[in-house]
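Structure first, then comments.
The values are calculated or read from the model by the stated rules, or taken from the named source; none is laboratory data. Values in this document were obtained by computation on a predicted structure and should not be read as measured data. No Cβ is skipped: glycine too gets one built from the backbone with ideal geometry, and neighbour counts run over all protein chains shown.
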Amino acid sequence: MNSSFFHLRQGPEKRFFVSIALLLLIVSLPVWANKAPQAVFTVEPTSGPAPLNIQLDASASSDSDGGIVSYQWFVGGQTTAGRKASLTLNKVGYYELVLIIVDDLGAFDMGHQTIEVSDAPPSAQFSVTPESGTQPLLVTLDASASKGNLIAYDWLITPKESSSLEKAYGQKVSWLFQEAGSYDISLTVSSHDGQKASLTHPKPIVIKASPNQKPIADFSLTIEPEEGTGPFSVQLDASPSVDPDGRIIEYEWETSDGQSNFGKQTNFALKSASEITITLTVTDNASETASITKTATLGPPTPPAPEYNTTARVNPQIIAGGISPSQVDMSDDQFNIVALVRPGSSAIRRVTLQNHAGQQMAPAMTLAGVLSNGDEFYQTTLVFEPYSDVRTLKTPWGPKDGQFNIVATDKANIKSQTYPYHKKGGSL
């Protein structure tokens, strides 16, 4: 073959030349070696607040002389596989993401990417319980649903009817609404790095007015001077008046002699002794009224009550005596005996009811009271059995002549004069 690559000769020499030709052919061929793959990838996003979800894509990685058979991702102690993958980073900080790819002949390459995870911005959320009611109403403001690394909770409570506002602090607050009306509630939360977030409740808190209770009117009065013929000054003070569910806004005074005035405290002048009535009318902040009237007596002191004769005597005296009932019939079986005794120089020891012969006819009388002048009041009960004979009664009250006496004996054993119920010769 004229076109053959090799020209062979006959004989043994041909084999030599063939070997040389093959060697030269091998030497002239290029030497082949496996090339490593190239790791190229994207991360979205590379920074953001926690928790941060990142999307990983190594589709741009390549292998010029073969194929990629493995994609391994490593970050923050987490690992995943695949040409495309995703991971979530929950903690704040910097992370080093590493991708390692391997081709079909075991060659590999790796890529790096830094990822920053920051604090999440604060989020203000809160609830109001209850959102409406009747005054006074206790409301709970709860910001537990707010998010972020929070260090402060600031509340604003603003009545719609005025520009004034109230402040409160804390994640959970109990607030007592005393006045009826509509109130806006706002919350501002602050994180440790100075970020803030605010929220206003979407609808106002409505506090309805409770049914009004009437005020209670009362006052004290002082008269100067306390006694005399006049003139007098009457000092009045309505401080004891109260309103259970509000406040008293007006105090009106009127007297029976035509005077009037306003105020919590006031006074009236009276020229002469008299009896005067004073009326106080109070009005609360819901226009309810209440009144009270008192009477003041102005004049000379009341003369002292007359007293019994207090002439001192050495011996005790029986001042007066009595019996009840004062008439006797067949059905009577007991009588109440009373006596008024004035002690002498010694205290009274014993008071008795006696017949004309000095015999005691009833239990000793007992002390029942003492008058302002020192006279003593005694009493006892006389009990007897009536007889069927209507002409005579076998009792101390029989028809015999004699005298029935009350006798007082003092501790010095001195007796009083006798006190006759009936004079000698009298009968029932």
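Applying the selection to the stretch 142-167, what residues are assigned to a loop (DSSP other than H, G, I, E, B), of a type in the set (A, V, I, L, M) and in contact (Cβ under 8 Å) with a residue 12 or more places away in the chain? Can you show your working first?
Residues of the stretch 142-167 that are assigned to a loop (DSSP other than H, G, I, E, B), as a first pass: 143-146, 148-149, 160-165.
Still in the running and of a type in the set (A, V, I, L, M): 143, 145, 165.
Of everything in the stretch 142-167, those that are assigned to a loop (DSSP other than H, G, I, E, B), of a type in the set (A, V, I, L, M) and in contact (Cβ under 8 Å) with a residue 12 or more places away in the chain turn out to be A143, A145.
The set of residues in the stretch 188-216 that are outside the structural domain of D142 (by TED's automatic domain parsing), polar (S, T, N, Q) and surrounded by 17 or more Cβ atoms within 10 Å (Cβ to Cβ) is empty.
Which one of L236, L298 is surrounded by 14 or more Cβ atoms within 10 Å (Cβ to Cβ), modelled with pLDDT under 85 and on the phi < 0 side of the Ramachandran plot?
Numbers: L236 fails: modelled with pLDDT under 85.
Checking each option against the conditions leaves just L298.
Condition check: surrounded by 13 or more Cβ atoms within 10 Å (Cβ to Cβ), of a type in the set (A, V, I, L, M) and either out of contact with any Ser or Thr (no Cβ under 6 Å at 6 or more places or on another chain) or at pLDDT below 85 (or both). Does L393 satisfy that? First the steps, then the outcome.
Details: surrounded by 13 or more Cβ atoms within 10 Å (Cβ to Cβ): yes; of a type in the set (A, V, I, L, M): yes; either out of contact with any Ser or Thr (no Cβ under 6 Å at 6 or more places or on another chain) or at pLDDT below 85 (or both): yes.
Here the answer is yes, as L393 does meet what is asked.
Per the listing F219, F262, the residue uniquely aromatic (F, W, Y) and surrounded by 13 or more Cβ atoms within 10 Å (Cβ to Cβ) is F219.
On the basis of being modelled with pLDDT under 85, charged (D, E, K, R), surrounded by fewer than 15 Cβ atoms within 10 Å (Cβ to Cβ) and over 25 Å from R313 (Cβ atoms), does K400 make the cut? Against the criterion (modelled with pLDDT under 85, charged (D, E, K, R), surrounded by fewer than 15 Cβ atoms within 10 Å (Cβ to Cβ) and over 25 Å from R313 (Cβ atoms)), K400 qualifies.
Of the strands (runs of 3 or more DSSP E) contained entirely in the stretch 32-108, those carrying at least 3 residues that are touching a Phe, Trp or Tyr at 6+ places or on another chain (Cβ under 8 Å) fall at 78-81, 84-89, 93-103.
One line per residue, one yes/no per condition, for (1) touching an Asp or Glu at 6+ places or on another chain (Cβ under 8 Å); (2) surrounded by 13 or more Cβ atoms within 10 Å (Cβ to Cβ); (3) hydroxyl-bearing (S, T, Y):
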residue	(1), (2), (3)
A33	no, no, no
V40	no, yes, no
P45	no, no, no
P51	no, no, no
I54	yes, yes, no
A60	no, no, no
S64	no, no, yes
I68	yes, yes, no
Q72	no, yes, no
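Residues being more than 17 Å from T293 (Cβ to Cβ), in contact (Cβ under 8 Å) with a residue 24 or more places away in the chain and of a type in the set (D, E): count how many of those fall in the stretch 219-259. The total comes to 4.
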